[in-house]
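Visitor: The structure that follows is given in the form of structure tokens.
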Amino acid sequence: MAERTAAMSWLTVDTPLPSGPLHVAVTAQGVAAVGYLGREGELPRCADPSKIAAVTGRVGEYLAGRRRQLDLPIDWSLSAGPHRAVLQTLLREVPFGRTITYGELAVRSGVFGEVEEPGLAARTVGQMMAANPVALLVPCHRVVAADGIGGFGGGRVGIDVKRWLLTLEGVMEPTLDWNGPL
DNA sequence: GTGAAGAACGGCT
DNA sequence: AGCCGTTCTTCAC
């Protein structure tokens with residue numbers, strides 16, 4: 001899993017998300033990984049006050065509904081090739097409050113050739129989202145299925161997080177488990 | 001008309 | 001090599 005973790009350190013951000021605190025791995029370049037479930041147990045804890053302040057501050061504002069984009073520098077070193085291309089396409093093409101389907105993201109990224117059957121590349125895109133190292137920064141939660149919300153990593157808790165974020169952005173109607181900023 | 005099940009394909013861990 | 005955050009088609013009520 002974590003091969004190049006030399007210059008990487010992690011910190012946690014307390015969030016109102018159903019999944020609890022967010023785990024963020026940072027490097028000199030920026031944010032390299034974000035996990036709803038902790039998986040950076042082997043990394044040293046981040047001791048840089050400015051990074052901690054920037055990450056916790058912006059994430060906090062975003063999740064409180066006071067910020068529409070995080071504007072945090074992203075270290076793409078954990079993703080490469082088509083994976084990175086799709087993530088960057090998503091980041092650039094889908095703004096706050098908008099959603100896109102797996103199939104359409106596949107087409108717009110251009111990674112899968114000119115045009116393919118919607119069903120072919122869509123699944124691959126889903127796999128890429130599942131493997132997205134920088135969740136939240138790259139709005140993988142805005143990628144939905146053709147006729148539903150689609151899936152999300154981490155099983156059921158993951159779906160809750162996705163719905164929570166989509167509700168925050170005004171895409172979904174508030175649900176009973178909504179405990180965000182109202 | 002609505003609901004459920006199956007096959008196909010490409011890339012990540 | 002195995003595992004999917006899908007989709008579309010088709011069969012069954």
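The values are calculated or read from the model by the stated rules, or taken from the named source; none is laboratory data. On a predicted model such as this, the values are computed, not experimentally measured, just so you know. A quick note on method: Cβ atoms are made from the backbone with ideal geometry, for glycine too, and the neighbour counts reach across all protein chains shown.
Visitor: So which residues in the range A:97-123 are exposed (fewer than 15 other Cβ atoms within 10 Å of the Cβ) and either in a helix (DSSP H, G or I) or more than 8 Å from DNA strand B (Cβ to nearest atom) (or both), if there are any at all?
Guide: A:G97, A:R98, A:G110, A:G113, A:E114, A:V115, A:P118, A:G119, A:L120, A:R123
Visitor: Any residue in the range A:125-136 that is more than 12 Å from A:L90 (Cα to Cα) and assigned by TED's automatic domain parsing to the domain that holds A:P82 sitting within a Cβ distance under 8 Å of a residue that is of a type in the set (S, T, Y) and near DNA strand C (Cβ under 7 Å from one of its atoms)? List the pairs, counting only those 6 or more apart or interchain.
Guide: Pairs found: A:G126/A:Y102.
Visitor: Taking A:L87, is it closer than 25 Å to A:S9 by Cα, part of a helix (DSSP H, G or I) and within 10 Å of DNA strand B (Cβ to nearest atom)? Step through it out loud before you land on a result.
Guide: Details: closer than 25 Å to A:S9 by Cα: yes; part of a helix (DSSP H, G or I): yes; within 10 Å of DNA strand B (Cβ to nearest atom): yes.
Yes, satisfied.
Visitor: To continue, here is another question. Is there any pair linking a residue in the range A:68-79 that is over 14 Å from A:A53 (Cα atoms) to one that is in a helix (DSSP H, G or I) and modelled with pLDDT of 95 or more, with Cβ under 7 Å and at least six apart or on different chains, and which?
Guide: Once the first residue is over 14 Å from A:A53 (Cα atoms) and sits in the range A:68-79, its partners that are in a helix (DSSP H, G or I) and modelled with pLDDT of 95 or more give A:W76/A:R84; A:S79/A:L87.
Visitor: Determine if the range A:134-144 includes at least one residue that is surrounded by 24 or more Cβ atoms within 10 Å (Cβ to Cβ), more than 23 Å from A:R68 (Cα to Cα) and in contact with a Leu (Cβ under 9 Å, 6 or more places away or on another chain).
Guide: No, every residue in the range A:134-144 fails to be surrounded by 24 or more Cβ atoms within 10 Å (Cβ to Cβ), more than 23 Å from A:R68 (Cα to Cα) and in contact with a Leu (Cβ under 9 Å, 6 or more places away or on another chain).
Visitor: Tell me which residues, restricted to the range A:137-155, are without any contact (Cβ under 8 Å) to a residue 24 or more places away in the chain and of a type outside the set (A, V, I, L, M).
Guide: Selection gives A:D147, A:G148, A:F152, A:G155.
Visitor: For the range A:135-182, enumerate the residues that are of a type in the set (D, E, K, R) and at pLDDT below 85. Explain how you work it out, then say what you get.
Guide: Applying the first criterion (of a type in the set (D, E, K, R)) to the range A:135-182 yields A:142, A:147, A:156, A:160, A:162-163, A:169, A:173, A:177.
Hits for the range A:135-182 are A:R156, A:D177.
Visitor: Go through (1) crowded, with 18+ Cβ neighbours inside 10 Å; (2) modelled with pLDDT of 95 or more; (3) in contact with a Ser or Thr (Cβ under 8 Å, 6 or more places away or on another chain) for A:A85 and report which single condition fails.
Guide: (1)
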